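Read through the structure below, which is laid out as structure tokens, and then see the notes.
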Amino acid sequence: MTLAEMERQIAQVWAGGLGIGRPGPAGGFFELGGNPLHPAHIVSRTEELAGVSLSSRSVLESGNVHEMAAHVWRVRDAANDSASRVTAR
């Protein structure tokens, strides 16, 4: 999956979690109608999508779809890098 594909899929997760149409990559979480209860659903769906473990705080700190996708991308790459180092030993 490319970063652009991940961003599109995370936008769909945000749309479903916030009950809105597809948000743009720069639309802020709270500007889009997010509240403190929404991150749990968004994190759960994003974890399923990307196969990584995230905190609810990551949604709030990311602020928008683009930043969230970049964060998930980094977490996934770090997890893949760690796994490859373990299997190489």
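Output the number of residues of region 37-60 satisfying the condition of being assigned to a loop (DSSP other than H, G, I, E, B) and in contact with a helix residue (DSSP H, G or I) (Cβ under 8 Å, 6 or more places away or on another chain).
Selection size over region 37-60: 5.
Go through the residues of region 57-72 one by one and say whether even a single one is within 16 Å of G16 (Cα to Cα), of a type in the set (G, A, S) and over 10 Å from the mean Cα position of the chain (by Cα).
Scanning region 57-72, I find no residue that is within 16 Å of G16 (Cα to Cα), of a type in the set (G, A, S) and over 10 Å from the mean Cα position of the chain (by Cα), so the answer is no.
Is it fair to say S82 is part of a helix (DSSP H, G or I) and either at pLDDT below 90 or exposed (fewer than 12 other Cβ atoms within 10 Å of the Cβ) (or both)?
So S82 passes the test.
Would you check which residues across region 63-79 are part of a helix (DSSP H, G or I) and either of a type in the set (D, E, K, R) or modelled with pLDDT under 90 (or both) and list them?
Scanning region 63-79 gives E67, R74, R76, D77, A78, A79.
Could you please tell me which pairs satisfy a Cβ distance under 8 Å, a separation of 6+ or placement on different chains, a first residue in region 56-69 that is on the phi > 0 side of the Ramachandran plot, and a second residue that is surrounded by 17 or more Cβ atoms within 10 Å (Cβ to Cβ) and not in a helix (DSSP H, G or I)?
G63/F29
Please enumerate the residues belonging to region 6-34 that are part of a loop (DSSP other than H, G, I, E, B) and either modelled with pLDDT under 90 or aliphatic (A, V, I, L, M) (or both).
Scanning region 6-34 gives I20, R22, G24, P25, A26, G27, L32.
The values are calculated or read from the model by the stated rules, or taken from the named source; none is laboratory data. Computed from a predicted model, the values in this text were never measured in an experiment. Every residue, glycine among them, receives a Cβ derived from its backbone with ideal geometry; neighbour counts consider all protein chains shown.
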